[in-house]
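Before any comments, here is the structure.
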Amino acid sequence: MLIKNIFHRELVANAARILIVLVIILPVTELFKLLDQASSGNLPTVTIFTLMLYGTLASFPMILNIASFLGIVITFNRYSKDHELIVWLASGVSPFTWLKKTAIFLVPITIISGVCSMLITPWAVHQSEQYAKFLTKQSAPIALTPGQFRESPDGKDVYYIEEYSLAQGYARNIFLQYQDESEVSYNITAAKGRLSNNNGMIGLTLYDGNRYQISKFESSNVTNLHFKTFTATIKQAYDPEKDQVGFNSQSMPTSELVKLYDTSGHYRSALSGRLSVMIMTFIMGLIAVPLSIQTSRVQNSLVFIFPPMLYGVYQNIVMTVEAQISDGKVFSIFNVLPVHLGLIMVAIGLTYIKSKPNGYFKSKNK
C-alpha cells in the first residue's frame, strides 16, 4: 500500500505537469497556423481563439497519451537516479510489481483518452469546419484592392473598383459580377459610387450605371437595365440549413463510422485510428516501465532516447497499417491488433529481463 500511494502520487504529479505544458504549447502552435491564415485575409483575427480551442480539443487524446508516457518515464528516471529503485528491488519488489501498479494507473487515463477520441475529437473537428464555413460566408474576406479584380470565397462574385476610399466614402469605375439564387449571372458597371463600412459589412452604392442580365453566353440573351441607384452588400449571408458542412471520416460520429464500416476503407481506417489512440495510451505506458528502470549511469543517460524512439516506431507502424486499411489493401481493423499485442509482449519480455537474476514475475512481498 505504501508503494502504491507514493508511486501513484508521483505519477499523477509528473503527468499533470507535462499535461499542463503540452496544453500550453499546442495552442501556441495552432495560433501560428491561424495567424498565417489571418494575415492572408482568410480569417478574421477575432475568431482565432475559438478555432484554437477547437484544435486543442481535437488533439487532446494525443496530448494525454504523451503526458502519461513521459510522466512514467520521468518518475522511474527519478527513482533510478536517487537509488530508490535499487532499494525497492533489493527488498523483493520485482519489476513486474511496478508494471502492475503502472497498469492500474493507466486504466482511467486510457478510458478518458478513449472517450475523447470517440466523442470529443470528431465533435471538435466538425465544429471547427462548420465555424470556418461560417467565417468564410460572413467575414467579407474579399479585401478590396484598388485596381484589382477580387473574387469571393465561393467563386460566384467578382468585384473591381479602380479607386476608392472607405474614410471619405467615394468609389470610381466600379464593376460587379454576381449570381442570384436562380444562378442567373449579372454584370453591373458604374462610373461612380459610395462605400460604407458597418461592423465589417461593406456597403456599395452605385450611381447611374447599367445592369446586364446574362442568361446564356450569347449577345441575344443579354438584358440591359439602366439604373440611377443600386445598392450592394459585399458580404455573404450564412444559412444554417443550406450551409451545413458535411461529415467526413475525421469529423463523423463514431456511431456512424460503425454503421458505415463495410462501405469504405476510409471509415474503417478512421475507426481504427480512434481505437488505436486509446490502446496506445495503455501500451506505451506499460512499455515505458522496463525501458525506464535503469541501474547504471550509462543507461540513465539513454532513458530519454529509447522510449521516444520506440514510441515513434510504434506509431508509424500503426499509421502504416491504417493507411493500408484506408486504401482497401487490408479490410478488417483487427489487423492492427497484432501490432498492439506485439508491443505488449515486448513490454512483458523487457520486464522479465529486468527482473533477473531473481526471475520472479511477482513481488516477493505478498
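Could you list all residues from the range 88-102 that are in a loop (DSSP other than H, G, I, E, B) and either of a type outside the set (Gly, Ala, Ser) or within 13 Å of Pro290 (Cβ to Cβ) (or both)?
Within the range 88-102, Val93, Ser94 meet the criteria.
Which is at pLDDT 80 or above and either part of a helix (DSSP H, G or I) or crowded, with 22+ Cβ neighbours inside 10 Å (or both), of Leu51, Leu85, Leu57?
Leu57
Taking the range 4-44, which residues are in a helix (DSSP H, G or I) and at pLDDT below 70?
Lys4, Leu34, Asp36, Gln37, Ala38, Ser39
Every residue in the range 328-366 that is modelled with pLDDT of 80 or more and either among the acidic types (Asp, Glu) or in contact with a Ser or Thr (Cβ under 6 Å, 6 or more places away or on another chain) (or both), please.
The answer is Val336, and nothing else.
Going residue by residue through the range 126-133, is there one that turns out to be of a type in the set (Gly, Ala, Ser) and within 27 Å of Leu310 (Cα to Cα)?
No, there is no match, as no residue in the range 126-133 is of a type in the set (Gly, Ala, Ser) and within 27 Å of Leu310 (Cα to Cα).
Ser264 passes all but one of (1) among the hydroxyl-bearing types (Ser, Thr, Tyr); (2) more than 22 Å from Tyr54 (Cα to Cα); (3) modelled with pLDDT of 85 or more; which number fails?
All conditions are met except number (3).
When the range 10-31 is examined, which residues are found to be surrounded by fewer than 11 Cβ atoms within 10 Å (Cβ to Cβ) and over 22 Å from Pro61 (Cβ atoms)?
Passing the criteria: none in range.
The values are calculated or read from the model by the stated rules, or taken from the named source; none is laboratory data. Fair warning: this is a prediction, and the values are worked out from it, not measured in the lab. Backbone-built Cβ (ideal geometry, glycine too); neighbour counts: all protein chains shown.
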